[in-house]
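Worksheet: the structure to be examined is printed underneath.
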Amino acid sequence: MLNNISYIPSYYSSNMFQSNLQTTTPSYQTVSMTNPQTQAFYSIPAITSYYQPPVLAEQYNKQVANNAYSNTVQPVASTSVTPQKKMSPLLENFMKTQRPDGVSQVTLEPEKKSATPYKNHLRTLFQNNEAVIYAMIPRTFNAKDTNGDDVIDGEEETGTFINAIERLDELVGYGVNTIHMLPIHEPGKEVALGTAGSIYAPKDYLGIDPKLDDPNDPRSVKEEAKQFIDECHKRGIAVMIDLPSCASVDMYKAKPELMATDEKGNPKTPQGWDDIRMFDPWQDESKRVLNKELVDYHKRVIDLYQELGIDGIRADVARAKPVEFWDEIIPYARSKDPEFAFLAESYTYEDASPMLNMPKDRPEDLLAAGFDSYYGQYHIFNEWKTGKELNDYVIENLEMSKRLPKDKSLIGSFSTHDDKSPMTNGGAPYCNMTTGLQMTLPMTNPYFVTGFESGDRYVYKFRDKIARESDTGNLKYFVHNEKLDLFNKSRKPGGENPEIGEFMTAMSKVRKQYNDIITKGSFIPLDEKRGDGEKIISYARSLNGKTLLILANKDVNASHKASVTVPGLKQDQQLNDLAPVYTKGDNISAAENRVELELAPASFHVFEINTPNIEKEAKGVYKQNL
Amino acid sequence: MSNMIIQNYTADIISQRKAAASSNDPSIAALKVGAKPLQPKGRLIPSNMWESTKYAVKKPFQEAKFFVDAAQGKGNDYSIGRINDLGLKLGSLGIAAILAASAASPFKKGMEFVGFATWFGSMALWPKLVGSAVKLTKGFDPNQKYEDSYGRVKPFFQDPQYICWELYDNDKLNEVGDKLGIPTNIENREGAIRSKMQQIATQSNTWTMLTAGFATPILSSLLADQLGSRVFDPAVEKFMIAKARRGFEKEPSLNKDFLSDIDVTLKNTPYITEGAKDNLIKKISSSMLGTKLDDEVGKELDHLFDGASDRIKITKDLYGKVDNLLGVTANSETKKMLREFIKGQLADGTEAFLTKKEFSRFLKKVVIKSTPVKDIDKSVLLKTVANGVFTDSREIEIPEHLYDDFRNLYKVSGTYYDRKKHLLKFLSATLNDVDGSATANNWKKASSPLVKALGFSNDELQILANQKTPAKAADDIVTRRLKKIVSSPEQSAEAIKGIVKFYSASTAKDMKLAQEAMRYIDGTEELTLKQLRQLEQLSGKRFGTLESGFIRSLNSDRTLVANKVFNTHLSFSRPITAMNILSKISDGTDPDIMNLVKEVYSPVDLADKQKVSNVSRMLKDIVFNNEDASSFFNKFEQYDLLKPKDKEGLSRLMDVLFAPLKPEIRQHLSAEVADQIDDSNLIMKVLYSSLENPIKPELNMTSFDELKKVKNVKLLEMAKDYIGLEFRNDSDDTIKKFWQYLSDNGKFKDFFVLLKQEASDVGELEKHSDKFVDFFKKNAARLWWQTGQKVEGNTEMVKELTQVVNSSMSGFKRFTINDATMSAGLGLVDFVKKAASDTVSYKIWLKRAGMAAAVLTGVTAIGIALMGRKNKFNTDVYEYKREGVNNNAK
């Protein structure tokens, strides 16, 4: 039978590559055999999974042996990880029986390294304000909801690391170069929310959710995770993983030495989040001595992440742990990978925490402790009344950057997984406007949450209904209204507005084209307006005499007419919109030192203008501490 | 309920928890930044005066900004909450302002705001009081404030879920823990301390809120009382007096409308109609209402037109009036004549003028030629024609100077009016019985010291304060008390000392204000008379009527001022005067009393002792009940006394009543005070003596000599100002002879000159006698009737004499029995009753408020003591360290 084994073709198809991506030769570990009689050469994938039970390996090898050339059999590309274990004795024996004349020669082919190994550069991306981030949940990213009920059950395929790879090219198309991968650990089951449990209530940080394993892939879920991350890297996408802030009830019971209790011995729960328990970072808070167990535990988590190839961490509720803690973890991570980035989920200075048991938010402390970037307050942009409030907030951050070490930034957190769908704030035009803004604001790494690109309103048909099956024992489909589902196995994020993704693509190109101005240029707020200009957002970016003029209408319901002072603007200036126009009724014309405009609701425009001296003529010019 | 398994397990684990060691790996250590939490942006606000002041100044500006933000829709919970406070205060202030607007006096107006201030003050004070007590016992301030990163000041413990603990120093925290008895050997001591502090702060705030409903009115009441008497009363008094004083510093303000009315009506106007003249005069004179000189001003203004020539204006309008002439009084023939006349006068013109003479002649001609209508008399016809047709035709010439004179006369009157207005304000603020005036405040302050000085028991005070207590019963209590005092030198000394305390301060203050008032009166008189003189020089006319009016009015103000001063002096010294009388009475052998009895009251069938007793009783009643001494002569029967022989009786009575203080009384007073009391009594004696009474004693030089004995110069001057002293005896025979002499010898003119001289030269004191005024008036009238047409120019002579007499005599009104009563002040028993009523009311209020405050304090003290204590609702559960466990609190 094995005489007819021929070389198993490689898997990769051309459509997985974009022209601007480097093609890599797949490498995989195989076990090759040569029939000494026929000299036929064959190789089969080596079973390198550390976690796969031996039975599966045997079955797989059997299958391979019987169907060696089947196109349906896909060899699994392995990572560069050295196999943890040798072939099982069972397999060895099997192999031995295949040798002609009872003789076999088994040689392990050396691992083929890629031509240009991936090097983590995520920290540099943040420091240069060049990260374009896309947040996704592996559990749902490419889930297949065949019956359209929004829930993945029965035979329907959930999101896995493997099927997630399908959509990576799509993300590249949007200009994404960084993935924020929401937590991948198995959720706890006790007192869990939803039918799958919250991804932020892990059972064990040192494990990966087995539900993310592709059932058709013989490799372990860890290997599959590595595969996914590798594929990201191949496409130039860095991967940042979400480090949860708390533990599930299961973990609380399993690892009490890590957990916080009140004076009565009861577990501490962040107010309102009843399915999770808080860690106790202190051995002695008064002396600010850290809890060794917790520090060590997190170091092991870092090790795991780095083993998987993760490029950075997004620390969930970063304030849940003190700065001293981060000053242990961050250096530890960077001692092995200096480019390991840290993004803090931190919003704004709080005098005290409004949430019981949760410490107060202090972004500046966290950035000073080593974080590269933080969330900021863009998620309340829809609540700001005027365009000036946006400019003031930007200035506030630029001023803060001067108090901190260089190169600190924030992300364009106009919409995160904790917020309602931005579609509720003004539909596709609003989404486009925020895309335009975060693509052109200073000190800002654009950030998009899964579903944004297609206008998902995060409306789930199963909300608050009773499930037929559950992984947690909780039969109720729990999900926050109009927010991304974190608690159930639900559909892939969708929506009916692909034009949002197209606009993202276009703006990514603009951003690339004017990369220097946008990532390093000065910020010039243009708040001097006449007419009905309160809702108009207007600012300029300038570097080395090159200037971009950005205009937007914050009001999603009404047009506004105003005259905005733009120092140095000439009447004959041609205003060619660099961004695609998605609104109707806009009217913008240049005049001497000002621009006359009438902007449609939620419109966004960016122009390159010839005002080489704008930095000298403008009233306020602000720069980031780079 | 704590999870015992977990707790125990946790305790085990925690005790084994180890410290995280810093990485020894140099590559890791090199990457560390030594991160520590940055300095928080907020701060605890220390409770000191500087911070309180800073906050108090900043607060209204912040609240104004919050208001503006809220109006623009930018509010948040914090800012809206602050506006709520602002709204509450503004609303209450508005209500106070509305109530104040309708309040009768400045004092009452002010009290509305005192109520507002004390209410909100109490609302702010009560939490501070509770907080201070908690701070004292628990070691921290539950009302601690902090300033957050946005500069907003908030209570530290307000929101148990939002407490900026990092602002609290750890050392301070541990000190608080020590005070609260938190064990030192527990895990997370700071957490336990914070938890306990939160608990106590919540309990303290809850307690404050629960008790605020009781505490605020009690505190407000206590504060208003203290504020009222110590701060508000003096402040209002000072303010009103200062305000009134400022009026005198300014130039008199004249009503510009009236001046412009004069300009419009008279300036550059050759003739004025009678109607317009009357209107103008009426308008200006009515502006003097309040000074009671409106008539005088009107008359003087009218006099300015004396001698002005007038004319009759003939116009076509008169045709209509002729036609309307009643057929009853004028027939067609008369009307025809009138029409022809008018036509003739007008010729081709629209108007014509006739002099008054020409007009009169014409009228007479018409009337003479007219056939009488029925029985209408020709004089009636004349009148009818004149009034019916030509009433509004009369025009008065505005002679040269009349415009200026008119204006100047108005200015003089206006000046007087302005000054009088300020004077009245000054008197309201000082001597009048108006809430908030200096005198009213003096009376307020007198009640308590009086009853204290006289040593009434609580039961006696209750009886005296009761409105239903019969007068006799009250009288008996007061008499009994005073007799007891007088019988003991020590008690006398004590009582007098207590009385002098309020007497000296009050009378000194009153006298000073009275002198100031007199100065203003004098100043007003000087200013207006000076202006009047200037006007008289310019115009060449005499304005005697107005001058008399000024002086008379100001003199009545002087009377009022003096009355008030005497009122205070006599009222407040009456207890001492009463003690003096009682000591004389109880002496039994006092020579003054014995003389009085012997010389005046000598009924044959009464034993001397009985007479003495009756007279003593009468004397006591007069002093105690402040009745008019002379009126007792009408009541002598009730004392079993015969009618006194003559006017000597009253005089003797006055001698006794207003005798100098006895040595036994005097010794307890300083010389100055004793002299002042003696002087007051002396003046009273003189005043009573000048009264008209059934016996009609006449003043004589004796009384004036008595007055000269008054040592207190100020009092003397005041008395001089209005006491009439000298009469001229005027028997009928003398008069007849005298007038016969004048007639026989053609001496009327000489007598006239003499009278005029007398009237001008009459002495100050003499002027003040009504008899003197009567004398001159009588003589002036006689001159007229006696001489008739015999003495050439006698009409003018008499007129002039009368004018001189009036101007000399004007002003000082006769001192009447009312004045005596007013001057004499409050009777002793009435004074004591008033004081008792005030005192009892105050004590009742104080007792109730005090008891309420005491109960509140007591209960609060218990509440505070229980705060944070371990009980079945509040179990302290701490995690103790395993090794070296000492589970007992420190």
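The values are calculated or read from the model by the stated rules, or taken from the named source; none is laboratory data. In this text the structure is predicted, and so the values were computed from the model without any measurement. A quick note on method: Cβ atoms are made from the backbone with ideal geometry, for glycine too, and the neighbour counts reach across all protein chains shown.
In this structure, B:Val176 does not satisfy being under 49 Å from the mean Cα position of the chain (by Cα) and either surrounded by fewer than 20 Cβ atoms within 10 Å (Cβ to Cβ) or not acidic (Asp, Glu) (or both).
Yes or no, residue by residue, for (1) assigned to a helix (DSSP H, G or I); (2) surrounded by fewer than 18 Cβ atoms within 10 Å (Cβ to Cβ):
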position: B:Tyr319; (1), (2): yes, yes
position: B:Lys336; (1), (2): yes, yes
position: B:Lys343; (1), (2): yes, yes
position: B:Gly349; (1), (2): no, yes
position: B:Phe353; (1), (2): no, yes
position: B:Leu363; (1), (2): yes, no
position: B:Val367; (1), (2): yes, no
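Counting residues in the range A:517-528 that are under 22 Å from the mean Cα position of the chain (by Cα) and either assigned by TED's automatic domain parsing to the domain that holds A:Gly568 or at pLDDT 95 or above (or both) gives one or more.
Screening B:Asn188, B:Asn170 for residues that are within 9 Å of chain A (Cβ to nearest Cβ), without any contact (Cβ under 8 Å) to a residue 24 or more places away in the chain and more than 56 Å from the chain's Cα centre (by Cα) leaves exactly one candidate, B:Asn170. Within the range B:151-165, residues that are at the interface with chain A (Cβ under 10 Å from one of its Cβ atoms) and of a type in the set (Phe, Trp, Tyr) sit with their Cβ atoms under 6 Å from residues that are surrounded by 17 or more Cβ atoms within 10 Å (Cβ to Cβ) and part of a strand (DSSP E or B), at 6+ positions apart or across chains, in these pairs: B:Phe156/B:Tyr146.
When the range B:126-150 is limited to residues that are within 11 Å of chain A (Cβ to nearest Cβ) and in contact (Cβ under 8 Å) with a residue 60 or more places away in the chain, the one that is surrounded by the most Cβ atoms within 10 Å (Cβ to Cβ) turns out to be B:Tyr146.
Between A:Asp337, A:Asp365, the distinction of being acidic (Asp, Glu) and either within 10 Å of another protein chain (Cβ to nearest Cβ) or over 22 Å from A:Asp296 (Cα atoms) (or both) belongs to A:Asp365 only.
Can you name the residue in the range A:381-398 that is within 14 Å of chain B (Cβ to nearest Cβ) and part of a helix (DSSP H, G or I) and, of all such residues, is farthest from A:Thr435 (Cα to Cα)?
Selected residue: A:Glu396.
Results for (1) closer than 27 Å to B:Thr53 by Cβ; (2) out of contact with any Lys or Arg (no Cβ under 9 Å at 6 or more places or on another chain); (3) within 14 Å of chain A (Cβ to nearest Cβ), shown as yes or no for each residue.
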residue: B:Gly73; (1), (2), (3): no, no, yes
residue: B:Ser79; (1), (2), (3): yes, no, no
residue: B:Leu90; (1), (2), (3): yes, yes, no
residue: B:Ala117; (1), (2), (3): yes, yes, no
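For the range A:537-569, a residue qualifies if it is charged (D, E, K, R) and in a loop (DSSP other than H, G, I, E, B), and the qualifying residues are A:Lys554, A:Asp555.
Just a yes or no: is a residue in the range A:610-622 small (Gly, Ala, Ser), crowded, with 16+ Cβ neighbours inside 10 Å and in contact with a helix residue (DSSP H, G or I) (Cβ under 6 Å, 6 or more places away or on another chain)? Before the answer, list the steps.
Keep residues of the range A:610-622 that are small (Gly, Ala, Ser), which gives A:618, A:620.
Cutting the leftovers down to crowded, with 16+ Cβ neighbours inside 10 Å gives us A:618.
Subset that is in contact with a helix residue (DSSP H, G or I) (Cβ under 6 Å, 6 or more places away or on another chain): none.
So far as the range A:610-622 goes, no, none of its residues is small (Gly, Ala, Ser), crowded, with 16+ Cβ neighbours inside 10 Å and in contact with a helix residue (DSSP H, G or I) (Cβ under 6 Å, 6 or more places away or on another chain).
A:Ala260 meets all of the listed conditions (1) on the phi < 0 side of the Ramachandran plot; (2) more than 25 Å from the chain's Cα centre (by Cα); (3) within 8 Å of chain B (Cβ to nearest Cβ) but one, namely (3). Can you find a residue that is on the phi < 0 side of the Ramachandran plot, of a type outside the set (S, T, N, Q) and facing chain B (nearest Cβ under 9 Å) anywhere in the range A:309-323? The answer is yes; a qualifying residue exists.
Considering only residues of the range B:25-71 that are in contact (Cβ under 8 Å) with a residue 12 or more places away in the chain and within 8 Å of chain A (Cβ to nearest Cβ), which is surrounded by the most Cβ atoms within 10 Å (Cβ to Cβ)? Restricting to residues being in contact (Cβ under 8 Å) with a residue 12 or more places away in the chain and within 8 Å of chain A (Cβ to nearest Cβ), the top hit is B:Gly42. Screening the range B:48-155 for helices (runs of 4 or more DSSP H) wholly inside it with 2 or more residues that are in contact with an Asp or Glu (Cβ under 6 Å, 6 or more places away or on another chain) returns the ranges B:77-101, B:106-138.
Per the conditions (1) more than 8 Å from chain B (Cβ to nearest Cβ); (2) more than 19 Å from B:Ala192 (Cβ to Cβ); (3) of a type outside the set (A, V, I, L, M, F, W, C), the sole criterion not satisfied by A:Pro281 is (2). Against the condition outside any helix (DSSP H, G or I) and out of contact with any strand residue (DSSP E or B) (no Cβ under 9 Å at 6 or more places or on another chain), how does B:Pro183 come out, does it pass? The answer is no for B:Pro183. B:Val486 meets the stated requirement of being surrounded by 21 or more Cβ atoms within 10 Å (Cβ to Cβ), more than 21 Å from B:Tyr417 (Cβ to Cβ) and not small (Gly, Ala, Ser). Taking each residue of the range A:277-297 that is in a strand (DSSP E or B) and looking for partners that are surrounded by fewer than 17 Cβ atoms within 10 Å (Cβ to Cβ) and among the charged types (D, E, K, R) with beta-carbon atoms closer than 7 Å, six or more apart or interchain, yields A:Gln283/A:Lys292; A:Gln283/B:Lys18.
Given the options A:Pro405, A:Pro359, A:Pro354, A:Pro331, name the one that is surrounded by fewer than 18 Cβ atoms within 10 Å (Cβ to Cβ) and assigned by TED's automatic domain parsing to the domain that holds A:Arg288.
After ruling out the rest, the residue left standing is A:Pro354.
Condition first: crowded, with 17+ Cβ neighbours inside 10 Å and at pLDDT 85 or above. Now tell me which residues in the range B:489-502 satisfy that. Listed by number, the residues that qualify are B:Ser492, B:Glu494, B:Ala495, B:Ile496, B:Gly498, B:Ile499, B:Val500. Annotation note: Cβ proximity below 8 Å between a residue of the range A:183-199 that is free of Cβ contacts under 8 Å to residues at least 24 places away in the same chain and a residue that is in a loop (DSSP other than H, G, I, E, B) and surrounded by fewer than 24 Cβ atoms within 10 Å (Cβ to Cβ) (sequence gap 6+ or interchain) occurs for no pair.
When the range A:368-380 is limited to residues that are part of a helix (DSSP H, G or I) and within 14 Å of chain B (Cβ to nearest Cβ), the one that is surrounded by the most Cβ atoms within 10 Å (Cβ to Cβ) turns out to be A:Ala369.
Using the structure shown, decide if B:Gly110 is buried (at least 19 other Cβ atoms within 10 Å of the Cβ), within 12 Å of another protein chain (Cβ to nearest Cβ) and among the small types (Gly, Ala, Ser).
Criteria not met by B:Gly110.
Scanning the range A:340-352 for residues that are in a loop (DSSP other than H, G, I, E, B) and either more than 7 Å from chain B (Cβ to nearest Cβ) or free of Cβ contacts under 8 Å to residues at least 12 places away in the same chain (or both) yields A:Phe340, A:Glu345, A:Ser346, A:Tyr347, A:Thr348, A:Glu350, A:Asp351, A:Ala352. Here A:Ala238 meets the list (1) within 14 Å of chain B (Cβ to nearest Cβ); (2) crowded, with 22+ Cβ neighbours inside 10 Å almost entirely, failing just condition (1).
Taking the range A:464-474, which residues are surrounded by fewer than 19 Cβ atoms within 10 Å (Cβ to Cβ) and in contact (Cβ under 8 Å) with a residue 12 or more places away in the chain? Listed by number, the residues that qualify are A:Asp464, A:Lys465, A:Arg468, A:Glu469, A:Asp471, A:Gly473.
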